[in-house]
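In what follows, a structure is listed as structure tokens, so that the remarks can point back to it.
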Amino acid sequence: MNFAELSPKAAEIADCAQGLLATRGYNGFSYADISEAVRISKPSIHHHFPSKVELVQTVLRRYREHGREGLAGLQRMIPDPLERLRAYTGYWESCIRDGTAPFCVCAMLGSELPALPQLVADEVRAHFMDLKAWLTVVLEQGAAKGIFGLRTDAASEAMALMATVHGGMLAARVHGDPEAFATVVQQGVKQLLAAKH
């Protein structure tokens, strides 16, 4: 299903599923949960999304597309690599603080990867490849300008930074403290800056 062509009700179902994925993971919700939240019968949900795999795949494709658009926008609007990186982490800091997106859906599903259906797992992996590619470019550009001092190649540093960002989300969730995210991530960025000296 093309998420760009979702009906308003199908989009509402997908939005609900995205929220449930971020808080409960793949196996932590059912169509019954969506039925209750969206006030729609389970057969009606099946009409829009015949299987849970198809629903989650649609959610993740839409999530990835929005993510790619957001990262491309940062790339266009913010020429300074450090400020671009701070805008990316600042986005998550705001989402965690105000509760609009307390956890990356793909990070949540990444922890379930061995148990996920293949089509869903493929979307999760693709999200991380997209993010790694974007962060690699940011770090390469920052290193070329003398802003970042990379201890290894940019792709490896990008993976370390992804782990820091997603670890910060986990810290905020575990401690029930949104500020824990900023604390963890700021240390990761400081290490990139310190490494150049």
Per-residue HN-Hα couplings for segment 181-191 [Karplus 6.51, -1.76, 1.60; θ = phi - 60°; Hz; x = Gly/Pro]:
4, 4, 4, 5, 5, 4, 5, x, 5, 4, 5
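Based on other C-beta atoms within 10 Å, arrange LEU21, LEU116 from fewest to most. Show your work: numbers first, answer last.
Values: LEU21 24, LEU116 19.
Fewest to most other Cβ atoms nearby, the residues stand as LEU116, LEU21.
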Among TYR26, TRP92, ILE78 - extreme Cα towards positive end, dipole of the chain, charges at beta-carbon
ILE78
Please enumerate, by chain and number, the aspartates and glutamates with C-alpha under 13 Å from the C-alpha of LYS132, excluding those fewer than 8 residues away in the same chain.
GLU140, ASP153, GLU157
How large is the charge dipole for segment 1-145, taken about the Cα centre, if only the Cβ atoms of Lys, Arg (+1) and Asp, Glu (-1) carry charge, to the nearest 20 debye?
60 debye
Sequence of CYS106, CYS95 once ranked by neighbouring C-beta atoms within 10 Å, starting from the fewest:
CYS95, CYS106
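May I ask you to derive the relative contact order of segment 3-194, considering only C-alpha pairs under 8 Å and at least 6 residues apart, and to give it as an integer percent? Walk me through the numbers before you get to the answer.
Working: 183 pairs, mean separation 39.4, N = 192.
So the answer I get is 21 percent.
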Give the lysines reachable from LYS42 as a straight Cα distance under 29 Å; neighbours fewer than 8 places away on the same chain don't count.
LYS9, LYS52
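Every number in this text was worked out from the coordinates using simple rules, so none of it is lab data. Note that the structure is predicted; figures quoted are calculated from it, not measured. Cβ coordinates were reconstructed from backbone atoms using ideal geometry, including for glycine residues, and neighbour counts include every protein chain displayed.
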